[in-house]
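A short worksheet on the structure shown next.
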Amino acid sequence: MKIAILKERRPHETRVAATPETVKKLKGLGVAEIMVEAGAGTAAAYTDEAYAEAGATIVPDAAAAASAADVIFKIQRPMSAAEGTDEMALLRSGQVLMAPLSALTNRDLVQALAAGGVTSFALELIPRITRAQSMDILSSQANLAGYKSVLLAANHFGRILPQMMTPGGTLAPSRSFIMGVGVAGLQAIATARRLGSIVTATDVRPATKEQVQSLGAKFIAVEDEEFKAAETAGGYAKEMSAEYRAKQAALVAEHIKSQDIVITTALIPGRKAPVLVSEDMVRTMKPGSVIVDMAVEQGGNCPLSEFGKTVEKFGVKIVGPANLPGELPTDASSLFARNLLNFITPMIDKDTKALKIDTADEVVKGTLVTRDGQVVHPSLAQA
């Protein structure tokens, strides 16, 4: 089996899908050859020399890497000709692609992969089961994104975050409000607390209340009967009724007036991000306040945020980061690469060292999107 690691070409992307550490481990599992495109890891501080020392073959371009590969690892879904670089043309029938594909929303890409005979795994669909935790790219990247979001907010905030007593007087601590308490939100709470901010947080899932309090923050939510049943079996937030959203919005609107930093993290898989901070709420915030909208790529939790930009509205800075994990490329690549290593390891046959896809396996079933020219994932095949 031969694996190719391609340099990522989408704007704002600095990560790489394998590191010298995981290359060495893949070779130890019996992978015959790992071809790394020259410069693939440069932005993440992984040199071609380090890959070569780990046992990889450095090839001059993406075509050279992909043409001889049985399996291709990527951080981002392949680009089409319409997007500027035709990465889809690099793929051939019978190849296996392992990458985040945003498969639930990119139906055209899924159909194109099926038509091309590519066997594709959408890594964002890894099921939330105990066995798959070490493979979960969403969690590993969200963890770093939550951390970076607070540093980004602090950088744009015109004051310090902690209380500080000086000979010239005492500086009051900042107030930070984290909206959405998943992996990213929990890390944002922990980071803001470590930096000395007074932290509050909100989420529609009841289980998060105890998690928020365990980190020393205060929980803010309308805790009615709908709230008590507001979590899916997979651990995601359910979409709430219009009545509940109105009550929660009123509570948040009052609370947000006194906050200095607001970080929004709410996403619903396969759906547009819900609006959490309305324009009217932004108008009531204090001048100099900062909003970091981590959901900006999926439409944003604040309608005023702009992808990849920092804008100022009504005296409030609104940050729409394009790729938060990509701002920590070395660690983000390391975690992603380990997730991918853990994902492929059970599929490598111990005797033949070839890729063996067991469709009865829960992880495979949850992530396999296309195979043998067909769309095979249940959620997509029905559609």
From LEU104, LEU125, LEU97, LEU91, residue being out of contact with any Gly (no Cβ under 7 Å at 6 or more places or on another chain) and not aromatic (Phe, Trp, Tyr): LEU97
Filter result for the condition that a residue is in contact with a Gly (Cβ under 9 Å, 6 or more places away or on another chain), free of Cβ contacts under 8 Å to residues at least 60 places away in the same chain and open to solvent by 30 Å² or more (accessible area, probe 1.4 Å), over THR47, THR14: THR47
Close pairs (7 angstrom Cβ cut-off, 6 or more residues apart or separate chains): free of Cβ contacts under 8 Å to residues at least 40 places away in the same chain and surrounded by fewer than 24 Cβ atoms within 10 Å (Cβ to Cβ) in segment 169-197, among the polar types (S, T, N, Q) and assigned to a helix (DSSP H, G or I) anywhere: none
All positions within segment 292-329 that are open to solvent by 20 Å² or more (accessible area, probe 1.4 Å) and charged (D, E, K, R): GLU297, GLU306, LYS309, GLU312, LYS313, LYS317, GLU327
Evaluation of ASP361 against (1) touching a helix residue (DSSP H, G or I) at 6+ places or on another chain (Cβ under 9 Å); (2) over 23 Å from ARG131 (Cβ atoms) (one fails), failing number: (2)
Test result for LEU152, at pLDDT 95 or above, of a type in the set (A, V, I, L, M, F, W, C), in contact with a strand residue (DSSP E or B) (Cβ under 6 Å, 6 or more places away or on another chain) and under 14 Å from ASP260 (Cα atoms): yes
Close pairs from segment 205-218: first among the hydrophobic types (A, V, I, L, M, F, W, C), partner assigned to a helix (DSSP H, G or I) and at pLDDT below 95, Cβ under 9 Å, at least 6 apart: none
Test result for THR359, among the β-branched types (Val, Ile, Thr), open to solvent by 30 Å² or more (accessible area, probe 1.4 Å), at pLDDT below 95 and over 16 Å from the mean Cα position of the chain (by Cα): yes
Residues satisfying the stated conditions in segment 332-355, i.e. surrounded by fewer than 16 Cβ atoms within 10 Å (Cβ to Cβ) and modelled with pLDDT of 95 or more: THR345, PRO346
Any pair with Cβ under 8 angstrom, 6 or more apart, that starts in segment 266-294 at a residue that is of a type in the set (D, E, K, R) and ends at one that is in a helix (DSSP H, G or I): ARG271/GLN298; LYS272/GLN298; ASP280/ALA253
Residue that is under 23 Å from GLU83 (Cβ atoms) and surrounded by 15 or more Cβ atoms within 10 Å (Cβ to Cβ), where the choices are ILE34, ILE5, ILE58: ILE5
Flag for ARG92 being part of a loop (DSSP other than H, G, I, E, B), surrounded by 16 or more Cβ atoms within 10 Å (Cβ to Cβ), at negative phi and of a type outside the set (Asp, Glu): no
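The values are calculated or read from the model by the stated rules, or taken from the named source; none is laboratory data. Note that the structure is predicted; figures quoted are calculated from it, not measured. Every residue, glycine among them, receives a Cβ derived from its backbone with ideal geometry; neighbour counts consider all protein chains shown. Areas reflect the complete protein model, heavy atoms only, side chains present, ligands, DNA and RNA absent. Shrake-Rupley method; radii C 1.70, N 1.55, O 1.52, S 1.80 Å.
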